[in-house]
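Data first, discussion second: the structure below is written as structure tokens.
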Amino acid sequence: MIFFRVCVILEEMKQTYGERLAEALRLKNLKQADLAKELNITQAAVSKIINGFQYLDFDLAVKVCKALDISLSWLAYGIDQEAKPRFFRNPERQRIEYLLSIISEAEYPLVIVAMEKIIEVRLKDEGSEKAKKPDNRKKKK
């Protein structure tokens with residue numbers, strides 16, 4: 001039974017973002033036009049999302065999840081909400097994870113450069129803060 005559940009989870013993770021969205025629509029007996037109306041976007045935009053030519057921005061993805069009663073982690077990764085790790089509860093981290101799920105592999109180097117730059121600036125700022133603080137430790141003689 002456990003093996004079967006693992007196989008089901010792995011199969012769900014093979015689905016694309018758009019396939020999961022299409023499946024959620026089917027399970028709710030909704031058409032693309034119904035979701036488009038709910039989100040105030042065109043049916044053509046929904047079709048592009050399902051077919052992988054366009055992605056939802058984070059706020060719209062949250063609205064989709066509410067409208068279809070699915071979790072953001074399931075939409076982005078195919079991970080059941082019950083199985084998600086605790087750190088996914090942080091909204092900022094969830095947003096970063098979502099954004100990473102929709103970029104293409106060709107864009108990974110750009111993201112890496114941007115993240116390294118953020119860390120470089122943070123480390124530089126932390127270093128200047130340490131330099132400003134006096135060292136109150138007693139020196140050994």
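Here the peptides 112-123, 97-108, 46-57, 31-42 are ranked by packing, the mean other Cβ count within 10 Å, and the order with the highest first is 46-57, 31-42, 97-108, 112-123.
Placing pseudo-labels 7 Å out from each Cα toward the beta carbon at LEU60 and GLU129 gives an inter-label distance of 3.7 nm. Residues whose amide H comes within less than 5 Å of that of GLN54, counting only those at least five positions distant or on another chain, are ILE49 (H built at 1.01 Å from N in the peptide plane). Counting charges near ALA114 (Lys, Arg +1; Asp, Glu -1) among other residues having Cβ under 14 Å from its Cβ returns a value of -1. Within the shell of other residues whose beta carbon sits under 13 angstrom from the beta carbon of ILE41, the net charge comes to -1, with Lys and Arg scored +1 and Asp and Glu -1.
Values quoted throughout were computed directly from the atomic coordinates according to the rules given, and no laboratory measurement underlies them. Predicted model, so just to flag it, every value in this text is computed and none were measured. Please note: Cβ atoms are built from the backbone with ideal geometry, for glycine as well, and neighbour counts cover all protein chains shown.
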